[in-house]
Amino acid sequence: MSDQLRPRSRRSTQISTIARHGRLKRSNAFANVAKVLAAALAVVMVSGVSVAALATLNVAASVKPGVTLDNETDGPIPSISSIDGGANLLLVGSDSRAGQGDGYGDPDEETSVLNDVTMLLHIAEDHSSATVVSFPRDTFVPIPECPDPNGGTFSAMSSQKINTTLNYGGLACTVKTVEALTGLSIPYAALVQFNGVAAMSEAVGGVPVCIAEPIVDSYTDLNIPAGLHELKGLEALQFLRTRHGVGDGSDLGRISNQQVFLSALARTLKSSDTLSDPIKLYSIAKAAVDNMELSNTLKSMDTMVSIAMALKDIPLDKVVFVQYPINYVDGGVEPDETAAADLIAAINADVSPTLAPGEADFLSVPDPSASATPTDPATEDPAATDAPVTTDPAPTATALPSNVYGQDASQQTCSSGRPVEDQ
């Protein structure tokens, strides 16, 4: 609610000519200085709280209207620590040019509204592992009845590509489709467009990504030589969008490319202690609400920070990025139901998936400069050698079929460019 000025008094503004006699208070310089010092001390004492409070107000002021999901969590907003229990969050990347300027083609001609990126983040209930599942955009799936954001409903469809769900019923429809496909409840969701991806990569300070062979892609105007590059802003967006310039030129190659970026991002955030610093997380949350469409459940900055902080103590090798398993069919791909059932079973059991070595030609390559697995602060414990041996340990990992491709965040990999003559 906006502040309003109080109306001025209707008393006459004429200066009275009648002298009023009375005692004037003596000026007390010491008292004035003391008041200033006391005020300054008060500011210093509450500065930690004030920064968070001001950040909260700043973010809250810029939050856009939320998206109502069918399955929203009830109860109090989590405190600024890690969220209690597990969490499922769907991140959707739209290829819509609406409101994005003219840097991505003519918005009058590029009128599609497709979810080119659909990623599910699952955090285990005990915060011991996290799994990120990428759904290939050309996967034929059943689409349930979805509400039309403009009123009414869209009828259910037995088989359509998953990337059309955003066009049919917006973010809520994409969530309903992934819930129906996986059987998982997804109470949190976020939608980001091109400019938002660039802004978020700036907010985290850039991501160091290894390029094994040059990537040249005229479709996204990307041209990166081999080597280690800190990607942020437009270049990070181009890297995440490129399909023709990497792997086999397919969307599966793009997913592998994105996993290289996300693994490097996870290592960067852990090494810089960003996930342990609420102030840094508030800054990233501010960039998120400025550039994303959020479900009602995710509109609170406290909720976003709490979900992020749940990741801070998870070892890098327990943060796993996987591609939803598929089989090739005419015009696209379809879910490999057997392999998908194994993947979802692992997620439901809150165990970290173990990936079989893959041989697909769209996969990333090992980083030759990575001589050893990077040290993960979450696993460093000087007293660990003296810990008692547990006789009946709980399962911590499950092996997945060989066509569930991906990597964990501890694996240092490089993106491999695709020759221009093959594009």
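Mind listing whichever residues of the stretch 165-188 are part of a helix (DSSP H, G or I) and open to solvent by 40 Å² or more (accessible area, probe 1.4 Å)?
N167, Y168, K176, A180, L181
In this structure, is T182 more than 12 Å from the chain's Cα centre (by Cα) and within 18 Å of S134 (Cβ to Cβ)?
Spelling it out, T182 is indeed more than 12 Å from the chain's Cα centre (by Cα) and within 18 Å of S134 (Cβ to Cβ).
Let's see how each residue does on (1) more than 17 Å from M119 (Cβ to Cβ); (2) basic (K, R); (3) touching a Pro at 6+ places or on another chain (Cβ under 7 Å):
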residue	(1), (2), (3)
E293	no, no, no
N296	yes, no, no
S306	yes, no, yes
D317	yes, no, no
P325	no, no, yes
G332	yes, no, no
E337	yes, no, no
I344	no, no, no
A370	yes, no, no
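Tell me, which residue of the stretch 284-304 that is assigned to a strand (DSSP E or B) and not acidic (D, E) is farthest from A98 (Cα to Cα)?
S295
Tally time: how many residues in the stretch 317-356 are among the small types (G, A, S), more than 25 Å from the chain's Cα centre (by Cα) and in a loop (DSSP other than H, G, I, E, B)?
Qualifying residue count, the stretch 317-356: 2.
Would the stretch 252-262 turn up any residue that is farther than 27 Å from D221 by Cβ, of a type outside the set (G, A, S) and touching a Leu at 6+ places or on another chain (Cβ under 7 Å)?
no
With the requirement that a residue be open to solvent by 20 Å² or more (accessible area, probe 1.4 Å) and touching a helix residue (DSSP H, G or I) at 6+ places or on another chain (Cβ under 9 Å), what does the stretch 276-291 give you?
S276, P278, I279, K280, S283, I284, K286, D290, N291
Do we have any residue at all in the stretch 80-88 that's at pLDDT below 95, open to solvent by 20 Å² or more (accessible area, probe 1.4 Å), within 23 Å of L400 (Cβ to Cβ) and not in a strand (DSSP E or B)?
Yes, the stretch 80-88 has at least one match.
Do you know which residues across the stretch 113-140 are part of a loop (DSSP other than H, G, I, E, B) and open to solvent by less than 20 Å² (accessible area, probe 1.4 Å)?
Those that are part of a loop (DSSP other than H, G, I, E, B) and open to solvent by less than 20 Å² (accessible area, probe 1.4 Å): A124, S129, F135, P136.
Here are some conditions: (1) modelled with pLDDT of 90 or more; (2) aliphatic (A, V, I, L, M); (3) closer than 16 Å to V207 by Cβ. I307 meets all but one. Which one does it not meet?
(3)
With the checklist (1) open to solvent by 40 Å² or more (accessible area, probe 1.4 Å); (2) in a helix (DSSP H, G or I); (3) touching a residue at least 24 places away in the same chain (Cβ under 8 Å) in hand, flag the one item R243 doesn't pass.
(2)
Residues in the stretch 379-397: is at least one over 18 Å from H122 (Cα atoms), under 27 Å from the mean Cα position of the chain (by Cα) and either open to solvent by 50 Å² or more (accessible area, probe 1.4 Å) or at pLDDT 75 or above (or both)?
As a first pass, look at the stretch 379-397 and keep what is over 18 Å from H122 (Cα atoms): 379-394.
From what is left, the residues that are under 27 Å from the mean Cα position of the chain (by Cα) are 379-380.
Filter once more, keeping what is either open to solvent by 50 Å² or more (accessible area, probe 1.4 Å) or at pLDDT 75 or above (or both): 379-380.
Taking every residue of the stretch 379-397 in turn, at least one turns out to be over 18 Å from H122 (Cα atoms), under 27 Å from the mean Cα position of the chain (by Cα) and either open to solvent by 50 Å² or more (accessible area, probe 1.4 Å) or at pLDDT 75 or above (or both).
Hey, A203 hits all of (1) hydrophobic (A, V, I, L, M, F, W, C); (2) open to solvent by 10 Å² or more (accessible area, probe 1.4 Å); (3) more than 16 Å from the chain's Cα centre (by Cα); (4) modelled with pLDDT under 95 but one; which does it fall short on?
(3)
Looking at I143 and the list (1) farther than 15 Å from L90 by Cα; (2) in contact (Cβ under 8 Å) with a residue 40 or more places away in the chain; (3) open to solvent by less than 40 Å² (accessible area, probe 1.4 Å), which single condition is not satisfied?
Of the numbered conditions (1) farther than 15 Å from L90 by Cα; (2) in contact (Cβ under 8 Å) with a residue 40 or more places away in the chain; (3) open to solvent by less than 40 Å² (accessible area, probe 1.4 Å), the odd one out for I143 is (2).
Let me confirm something: among L252, L265, L191, which residue is outside any helix (DSSP H, G or I) and either closer than 26 Å to G170 by Cα or open to solvent by 20 Å² or more (accessible area, probe 1.4 Å) (or both)?
On the way: L252 fails: outside any helix (DSSP H, G or I); L265 fails: outside any helix (DSSP H, G or I).
Matching residue, one of L252, L265, L191: L191.
From the list V59, V117, which residue is within 20 Å of the chain's Cα centre (by Cα), of a type in the set (A, V, I, L, M, F, W, C) and modelled with pLDDT under 75?
V59
The values are calculated or read from the model by the stated rules, or taken from the named source; none is laboratory data. On a predicted model such as this, the values are computed, not experimentally measured, just so you know. Using ideal geometry, Cβ is built from the backbone for each residue, glycine included, and neighbour counts are taken over all protein chains shown. To get the accessible areas, we keep the full protein, side chains included, count just its heavy atoms, and leave off ligands, DNA and RNA. Shrake-Rupley method; radii C 1.70, N 1.55, O 1.52, S 1.80 Å.
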